[in-house]
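Some notes on the structure that comes next.
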Amino acid sequence: MAQNGLAKRSEKGLLTPDNCVVTLIDHQPQMLFGVTSIDRQTLINNVVGFSKAARLFGVPTILSTVETKQFSGNIWPQLKAQFPEQTPIERTSMNSWDDPNFVAAVKKTGRKKIVLAGLWTEVCVAFPSIQAIADGYEVYVVEDLCGDLDLRIHEAAMRRVEQAGAKPVTWIQVMLEWQRDWAWTETYPAVMDIVKNHAGAYGMGVEYAYTMVHGAGPSAFPYWEMPVNAELAHK
């Protein structure tokens with residue numbers, strides 16, 4: 001068994017829940033406002049889906065923010081909800097690899113593979129990726145958890161990090177790389193739940209197969225409770 005209690009996955013160049021650390025950098029409102037390289041609602045969905053996967057597989061996850069009070073705003077509440085006990089590492093530097101607390105958090109995990117994503121690709125992804133690689137880390141940039149001012153800028157930044165040695169990946173790819181075998185039932189149901197909630201047509205296909213092919217009941221989602229204005233409710 002692996003350290004996190006899951007069945008041991010083979011490595012041979014692949015990511016496993018035991019050999020990597022996730023870093024999610026500057027997923028904050030002001031940074032999102034400028035993104036046009038990816039649909040912004042899709043970006044939020046992808047980040048939340050991936051953060052659930054990191055929790056499921058017990059992968060150490062580091063959250064970091066920049067200039068929260070002065071410029072960028074709080075970390076997205078949808079992301080913070082996945083790690084309610086964690087306080088993001090606050091920085092003034094655009095480059096998280098210049099921040100000793102961030103680097104110390106990565107080193108503390110003892111892992112040399114960094115699965116990294118953030119806003120924007122050209123700065124908050126490119127800078128730490130290039131310098132972490134220079135310091136001997138393997139960096140995997142989760143491209144569909146990143147965004148930039150336009151697609152040309154995002155793609156130029158991705159070329160730069162790839163030229164430096166970073167490996168481009170996508171969030172579902174990484175989650176399935178962690179799962180690896182559908183026979184590993186300790187994580188299979190939760191992976192399928194993440195897929196049904198966050199993987200669009202793939203998730204709808206899973207729902208169809210479960211209900212129409214295998215005879216399972218339809219998925220049940222929590223009933224939405226409408227927010228109530230507390231002051232008006234007492235009048």
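The values are calculated or read from the model by the stated rules, or taken from the named source; none is laboratory data. Everything numeric here is computed off the predicted structure, so don't read it as measured data. Note: ideal-geometry Cβ built from the backbone for every residue, glycine included; neighbour counts use all protein chains shown. We work out accessible area using only protein heavy atoms, side chains counted, and drop any ligands, DNA or RNA first. Shrake-Rupley method; radii C 1.70, N 1.55, O 1.52, S 1.80 Å.
Here is how the numbers come out for the structure above:
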| read-out | value |
| --- | --- |
| Principal axis dimensions, the range 115-182 - Cα atoms, whole angstrom, descending | 37, 29, 16 |
| Gly147 long-range amide H proximity, modeled H, under 5 Å | Gly118, Thr121 |
| Selection from Asn4, Ala132, Leu79, by position along the positive dipole direction of the chain (Cβ) | Asn4 |
| Entry for mean projected area of the Cα convex hull in nm² (calculated from the structure that is shown) out of (1) 11.8; (2) 14.5; (3) 15.7 | (3) |
| Cβ-derived FRET efficiency at R0 30 Å, Ala7 paired with Lys69, nearest 0.05 | 0.10 |
| Alpha-carbon centroid distance for the pair the range 40-73 / the range 154-231, whole angstrom | 15 |
| Share of carbon and sulfur in the accessible heavy-atom surface of the chain [1.4 Å probe, %] | 57 |
| Listed residues Val195, Ala164, Trp178: farthest to the positive end of the dipole of the range 158-202 (Cβ charges) | Ala164 |
| log10 of Debye I(q)/I(0), alpha-carbon scatterers only, for the range 75-123 at 0.13, 0.32 Å⁻¹ | -0.37, -1.23 |
| Residue-normalised accessible area of the chain, expressed per residue, 1.4 Å probe, Å² | 52 |
| Most to least accessible of Asp150, Asp99 (protein chains only, probe 1.4 Å) | Asp150, Asp99 |
| Check: the range 1-107 dipole with +1 on Lys, Arg Cβ and -1 on Asp, Glu Cβ, in debye | 340 |
| Exposed-site-free run, longest, the chain (rule: chymotrypsin sites (Phe, Trp or Tyr not before Pro); DSSP loop; at most 12 other C-beta within 10 Å) | 1-181 |
| Size of charge dipole - the range 107-235 - debye, nearest 20, with Cβ of Lys, Arg +1 and Asp, Glu -1, no other charges | 400 |
| Value at 222 nm in deg cm²/dmol, rounded to 500, when DSSP H runs of n ≥ 4 in the chain each add -39,500 (n - 2.57) | -11000 deg cm²/dmol |
| Charged-residue dipole, Cβ positions (Lys, Arg, Asp, Glu), the chain about Cα centre, Debye nearest 20 | 440 |
| Which listed pairs, of Lys52/Lys167; Lys107/Lys196; Lys80/Lys107; Lys8/Lys80; Lys69/Lys196, have C-alpha distances above 32 Å, in listed order | Lys107/Lys196; Lys69/Lys196 |
| Distant-in-sequence amide H partners of Val115 (H built 1.01 Å from N, under 5 Å) | Val21, Val22, Thr23, Tyr140 |
| Dipole axis of the range 25-171 (+1 Lys, Arg; -1 Asp, Glu on Cβ), positive-most option in Thr65, Val106, Val142 | Val106 |
